[in-house]
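Each remark here refers to the structure printed beneath this line.
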């Protein structure tokens, strides 16, 4: 059993984690529980606005994020998320509201019209950062009952974990996820594309761009000898796992490789079972890989 | 567009850029091209990031807005973290997206259709509902393209990953009151 003092965070799952990427939500909660971290889901949260609302109505997109921050402020805990887009948008709202008084007054006025307010005190955190910086190596290693020995992992952090805000990790060559995955006993393969863009929404709006960008990530991960790619963002995950067929055809080199969330890797190392990590949701043979390389 | 109108367009744009934290740094661009070289989508853009600032200075911003450029930005923030002048260029791109939407120039851009479908979906439920978002998106662009998505949709469906009945947040009425309190036309 883990003997650390439970740490409590407000938890913002984000829309993608409700159905399409629910495995990220399930595995995050399971892994947190195994570590004694309490994640209290933010009451009646709404969409953060993501990158897509902002170009349509900018101030309204800040109101969307600010409503979540207002609820979190009431709870009094730091606000944890596992979605890179939610992470950046919530932080951007904090920054703009702090630096632009006119915008702050407008957004707060809007919140009050709906019976809320936000004083600007909530710190937004990525779960990955909490694990590596708050909890630390010793606590994580202690929870490992099934070390991922022999598993080669390409750690893919995505764009928005460390851009534009570079205080959590290096904006070009992130290393936080690699540290965590190393503590789990896995071999972290050198992967210089860790913070290169997967194409984001362009996979739907301009597939030829999305396929080229995700294709490069998948191809290089294979070339580097990785058994799988670990992700920290629901959109990266779906782009990398769901289109490997058309991407292989577009790139002209095999791009087939299992892709899973870092929280699933972590849960497997903690001895959790397939159901607790929703491995059955995967579009790539994740469970078969883990069973074969690490053991069930 | 007349020279006077383009000049006004540029001035209007700059006013909004200056409201972004560090937006005023746009005046310190040295045209080094680091942004364009860092941009994963610039190869597909008619005007890359560096050329956008050059066009602005030359009073030709209307050309950028009429071209396939702005909606190809994927918000990866590579230009922003690498710019030696500290220009938050991803946010400058957001301002261009607003300007295009406001002037009604984004009609044919898929990225604009996606953003619009996204905002409508969130306004209806308080959250994004992916199935509804994609239905709206394909209906407003090229509906037959949705057919190519059926195999993936089935794979997701059999894993319980397709959202068929989106739920509204409890506080939707309150959220809509907040949204209504912000005076803002589309694109702004």
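The numbers here are math on the coordinates, done by the rules we state, and not lab data. In this text, all values refer to a predicted model and were calculated from it rather than measured experimentally. Note that each Cβ is placed from the backbone with ideal geometry, even for glycine, and that neighbours are counted across all protein chains shown.
For the stretch A:156-268, the orientation-averaged shadow of the C-alpha convex hull comes to 6.6 nm² (one quarter of the hull surface). Inter-chain Cβ neighbour count for A:197-204, averaged per residue, equals 6 (cutoff 10 Å, partner chain atoms only). In vacuo Debye scattering of the protein assembly as shown, one point per C-alpha: log10 I(q)/I(0) at q = 0.06, 0.07, 0.14 Å⁻¹? Calculated log10 I(q)/I(0) at the listed q: -0.25, -0.35, -1.49. Of all DSSP beta bridges confined to chain A, the antiparallel ones make up roughly 0%.
Counting neighbouring beta carbons within 10 Å and listing from fewest to most, the residues B:13, B:158, A:12 come out as B:158, B:13, A:12. Semi-axes of the equivalent ellipsoid for the stretch A:23-102, computed as √(5λ) from the eigenvalues of its C-alpha gyration tensor and ordered from largest down, come to 25, 14, 10 Å. Spacing of the modelled spin labels on residue A:112 and residue B:32, each 7 Å from Cα toward Cβ, amounts to 4.5 nm. Take the alpha carbon gyration tensor of the stretch A:28-184, find the square roots of its eigenvalues, order them as a ≥ b ≥ c, and report rounded if a/c is under 1.5; if not, report prolate when a/b exceeds b/c, else oblate. Prolate, because a/c is 1.5 or more and a/b exceeds b/c.
Short-range pairs are left out: with C-alpha atoms under 8 Å and at least six residues apart, the relative contact order of the stretch A:97-231 is 24 percent.
With N the number of residues in the stretch A:22-61, Rg(Cα) / (2.2 N^0.38 Å) evaluates to 1.65. As a size descriptor, the averaged projected area of the C-alpha convex hull of the stretch A:91-141 was calculated at 4.5 nm².
Taking a ≥ b ≥ c as the square roots of the eigenvalues of the Cα gyration tensor, the stretch B:99-153 is classed as oblate, since a/c reaches at least 1.5 and a/b does not exceed b/c. From least to most packed, judged by other beta carbons within 10 angstrom and beginning with the fewest, A:191, A:87 follow the order A:191, A:87. Simple spin-label model, 7 Å along Cα-to-Cβ: residue A:99 to residue B:67 in nm? Rounded to a tenth, the inter-label distance reads 2.8 nm. What angle, in degrees between 0 and 90 and rounded to the nearest 10, separates the Cα long axis of helix A:22-35 from the longest principal axis of the Cα atoms of chain A? Between the helix axis and the principal axis of chain A, the angle is about 90 degrees. Convex hull volume per residue, computed on the Cα atoms of the stretch A:1-67, equals 91 Å³.
If you fit an axis through the alpha-carbon atoms of helix B:89-103 and take the longest principal axis of the Cα set of chain B, what angle between them do you get, 0 to 90°, nearest 10? So the helix axis and the longest Cα principal axis differ by about 80 degrees.
Summarising the overall dimensions of the stretch A:126-171 from its C-alpha atoms, the Rg and Dmax are 13.0, 36 angstrom. Per residue of the protein assembly as shown, the DSSP helices (runs of n ≥ 4 H) give a summed -39500 (n - 2.57) that works out to -14500 deg cm²/dmol at 222 nm.
Can you tell which of B:62, B:91, B:123 shows the greatest fluctuation in a Gaussian network model of chain B with Cα springs below 10 Å? It is B:123. Is the C-alpha gyration tensor of the stretch B:1-89 telling us rounded, prolate or oblate? Criteria: a/c under 1.5 is rounded; beyond that, a/b larger than b/c is prolate, otherwise oblate. It comes out oblate by the Cα gyration axes. When the Gaussian network model of chain B links Cα atoms closer than 10 Å, the mean-square fluctuations of B:150, B:52, B:20 top out at B:150.
So, in Å, what gap is there between the alpha-carbon centers of the stretch A:98-145 and the stretch B:106-181? The stretch A:98-145 and the stretch B:106-181 have Cα centres spaced 26 Å from each other. Footprinting exposure proxy ranking of B:141, B:69, fewest other C-beta atoms within 10 angstrom first, gives B:141, B:69. The Rg/Rh ratio of chain B, with Rg taken over Cα atoms and Rh as the Kirkwood radius over Cα pairs, comes to 1.02.
Report, to two decimal places, the Cα Rg of the stretch B:1-43 normalised by 2.2 N^0.38 Å (N = number of residues).
Rg over 2.2 N^0.38 Å, computed on Cα atoms: 1.45.
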